[in-house]
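Comments concern the structure below.
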Amino acid sequence: MRVHIAAACGFCYGVRRAVELAAQAEAGTHTLGPIIHNPQLVDSLSEKGVTPVNSLEEVADGSRLLIRSHGVGPDVYDEAEKRRLHIVDATCPHVKKAQQDARKVINAKKVLVIIGEKDHPEVISISQWGGNRAIIIDKVEEAEEIPYCETMGVVVQTTFSQSRFKQIESVLAGKTGHLDVYMTICAATRQRQEAAVELAGKVDAMIVIGGRNSANTGRLAQVCAEQGCPTYHVETAAEINPDDFAGMHDIGVTAGASTTDWIIQEVVKMMEDLQTEGTEVMSEELLDQY
Ligand code: F3S
């Protein structure tokens, strides 16, 4: 049996950076919300004294506050300054760019449209940088309902689907005399999906590792299954059923953006241990795309 790891999978640049900053943070640092959707990692940081809080009210004046990769609105920075909090800013640079673009659109007095999920923390933070004046949509039908305006600026959630964005963009083009699109979709999501599709086309089965509530992991499993490849979405190696892989020779492994390297390696090891006598295990390097 040969085990192949997708060329791009697991932590993206922004998540890796945030996790590293959290790991280096002093005990007593709070993160505004869990640093990533990975309970084991959040627990292990908590043991070192880096704990999540839900709001600034839970943070004592003068303490350290780590802002996660999704970013926050300007009010949080203002409040932190008043309260003399020491900020460790792990906002992903791609998200920062989207926030700045939103502000640019509003300063230019254009109608701001954000394409993304209304309730997602990143979209909320972008909207706040746009003065909470954005029209937020994630469906073509919603784009069709937007009234005509002279000038419009569009900012996109970094993890938004490229194909759905294209459909919405073409509707928005008919809704304004002048459309500025800030292409803020991050390459990491697209690269992970493309690498998963490529691998799924070559192997007997795919294992997709990541939280069941992780949207990007779910999309990876979906694109692999769409290739007609038997696909198993697991959170940990313990969920792998050896019987599912009986008689198979090539197994592909990919993982969502908040899946730690050690969980990926644990799954690879598990598959290696499944090998039968006389078979060979070949793991490709886990490539860090950023
Ligand atoms: Fe940043 Fe892209 Fe990851 S926006 S947090 S590098 S998915």
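The values are calculated or read from the model by the stated rules, or taken from the named source; none is laboratory data. What you see is a predicted model; the values in this text were computed from it and never measured. So basically every Cβ, Gly included, is an ideal-geometry build from the backbone, and we count neighbours across all protein chains shown. The area values use the complete protein model at the heavy-atom level, side chains included, leaving out ligands, DNA and RNA. Shrake-Rupley method; radii C 1.70, N 1.55, O 1.52, S 1.80 Å.
Observations on the model:
- All positions within region 137-169 that are polar (S, T, N, Q) and over 25 Å from the mean Cα position of the chain (by Cα): 151
Residues checked against (1) among the hydrophobic types (A, V, I, L, M, F, W, C); (2) within 15 Å of the ligand (Cβ to nearest atom); (3) under 16 Å from residue 15 (Cβ atoms); (4) more than 16 Å from the chain's Cα centre (by Cα):
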| position | (1), (2), (3), (4) |
| --- | --- |
| 55 | no, no, no, yes |
| 63 | no, no, no, yes |
| 73 | no, no, no, yes |
| 83 | no, no, no, yes |
| 90 | yes, yes, yes, no |
| 93 | no, yes, yes, no |
| 97 | no, yes, no, no |
| 100 | no, yes, no, yes |
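- Subset of region 50-66 [closer than 24 Å to residue 213 by Cα, β-branched (Val, Ile, Thr) and either open to solvent by less than 40 Å² (accessible area, probe 1.4 Å) or in contact (Cβ under 8 Å) with a residue 24 or more places away in the chain (or both)]: 50, 53
- Matching option when the condition is in contact with a strand residue (DSSP E or B) (Cβ under 8 Å, 6 or more places away or on another chain), modelled with pLDDT of 95 or more and not in a loop (DSSP other than H, G, I, E, B), among 252, 218: 252
- You will find that of 26, 20, 47, the residue that is over 21 Å from residue 85 (Cβ atoms) and either of a type outside the set (Asp, Glu) or surrounded by fewer than 22 Cβ atoms within 10 Å (Cβ to Cβ) (or both) is 47 and no other.
- Counted residues, region 175-208 - those being charged (D, E, K, R) and either more than 21 Å from residue 254 (Cα to Cα) or within 16 Å of the ligand (Cβ to nearest atom) (or both): 5
- Residue pairs meeting the criteria (Cβ under 6 Å; at least 6 apart or on separate chains; first closer than 14 Å to residue 141 by Cβ, in region 166-188; second within 16 Å of the ligand (Cβ to nearest atom) and not in a loop (DSSP other than H, G, I, E, B)): 168/115
- Once region 146-161 is narrowed to residues that are at pLDDT below 95 and open to solvent by 40 Å² or more (accessible area, probe 1.4 Å), the residue that is nearest to residue 118 (Cα to Cα) is 159.
- Note on region 162-182: residues that are at pLDDT below 95 and crowded, with 18+ Cβ neighbours inside 10 Å amount to 1.
- Selection count, region 1-14, where residues are open to solvent by 20 Å² or more (accessible area, probe 1.4 Å) and within 8 Å of the ligand (Cβ to nearest atom): 2
- Positions within region 105-126 being open to solvent by 10 Å² or more (accessible area, probe 1.4 Å), assigned to a helix (DSSP H, G or I) and closer than 19 Å to residue 92 by Cα, in sequence order: 121, 124
- Of all the numbered requirements in (1) within 30 Å of residue 110 (Cβ to Cβ); (2) in a helix (DSSP H, G or I); (3) not acidic (Asp, Glu), residue 193 misses one, and that requirement is (1).
- Qualifying residue in region 77-94 (condition: in a helix (DSSP H, G or I), more than 23 Å from residue 156 (Cβ to Cβ) and open to solvent by less than 20 Å² (accessible area, probe 1.4 Å)): yes
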